[in-house]
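The structure under discussion appears below in the form of structure tokens.
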């Protein structure tokens, strides 16, 4: 089963949930793969502590125009839906930050004036964290705007794949990187907090998973600090609340020190196992309804 952990906003506790779920399942004998797809700020390794032994660069192919061959016909600009290459006054201009590396301009150039050169966007790393956890993360190079290719390649990377559970720690928000992270998931855990901002962004995230046609459940972190509006929305939207985590100083301090929630409060191990069982039941019911 592929379980993605997402949120409409940052700082709600995605990695807290993902890391504790992975560790709990692993200690109960399941093979688990943790994919940290929050490539702009991956931090799951702080809690899981893998030993990285595999590394791979992620490149994108950027067009390079040989102006001695180019006739300025403009065909490259016509086929580029991202406007990464245009022809002005018979001269081609390439905007690398807009390029998605699709290769259309190279294939369509009638003069064979365009070739492609690799540009490194970031890096993939993987390694074991104990016997049952395979950890992999992507890291986007500073200043690079394209997170999606990193996430896409991370999910397809040919690393030893366990026959068990994959937990995907996505980026916050509802943008393209999040869509790519959630694509293909069997279930999405939406982590939120009971505040007006938490509710606003939960609604956006809930609409996204609805559009992607993926069943979801909600975890309310820092429960008790706000109001009941998140509960009311979940009831109206038929989103089950699968776990509540209260705001406690000891939990916040422990997480800031790089400790797992299940180590700070061992009682949560049982709750995470029950939540995993509930996720399977929700998924099965959703399949039946669909």
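None of the figures in this text is laboratory data; all of them are computed from the coordinates on show. Just so we're clear, the structure is a prediction, and the values are computed from it rather than from any experiment. Quick reminder, even Gly has a Cβ in these numbers, built from the backbone with ideal geometry, and neighbours come from all protein chains shown.
Couple of notes before you dig in:
- All C-alpha pair distances within segment 67-112, sorted into 10 Å bins from zero, spread as 30, 60, 10 percent across the bins.
- Labels on offer are (1) 17.5; (2) 19.7; (3) 14.3, and the one holding mean projected area of the Cα convex hull in nm² computed from this structure is (1).
- Length gained on full extension, residue 238 to residue 108: 41.9 nm, using 0.36 nm per residue less the C-alpha separation.
- Alpha-carbon centroid distance for the pair segment 12-45 / segment 110-173, whole angstrom: 16 Å
- Beta bridges per DSSP with both ends in the chain, % antiparallel, nearest 5: 45 percent
- For segment 158-219: span of alpha carbons on each principal axis (Å, largest first): 42, 21, 18
- Computed [θ] at 222 nm, deg cm²/dmol, the chain (DSSP H ≥ 4; -39,500 (n - 2.57); rounded to nearest 500): -10500 deg cm²/dmol
- Förster-model FRET efficiency, 41 Å R0, residue 59 and residue 88, C-beta, rounded to 0.05: 0.90
- Kirkwood Rh in Å, taken over all unlike Cα pairs in segment 198-267: 13.6 Å
- Packing rank of 177-183, 116-122, where each peptide gets the mean count of other beta carbons within 10 Å, highest leading: 177-183, 116-122
- Between residue 286 and residue 156, the FRET efficiency estimated from the beta carbon spacing at R0 = 25 angstrom works out to 0.45.
- Selected from 18, 41, 136 as most flexible by GNM, with the chain as the system and alpha-carbon contacts under 10 Å: 41
- Between helix 14-27 and the chain: long-axis angle, C-alpha atoms, 0 to 90°, nearest 10: 70 degrees
- The label-point distance for residue 1 and residue 67, in a model that sets each label 7 Å from Cα toward Cβ, rounds to 5.9 nm.
- Taking the longest Cα principal axis of the chain as reference, the axis of helix 268-289 is set at about 60 degrees.
- Taking packing as the residue-averaged number of other Cβ atoms within 10 angstrom, the listed peptides 269-279, 1-11 run from highest to lowest as 1-11, 269-279.
- Net lengthening on full extension, residue 210/residue 27 (0.36 nm per residue, minus Cα-Cα): 62.6 nm
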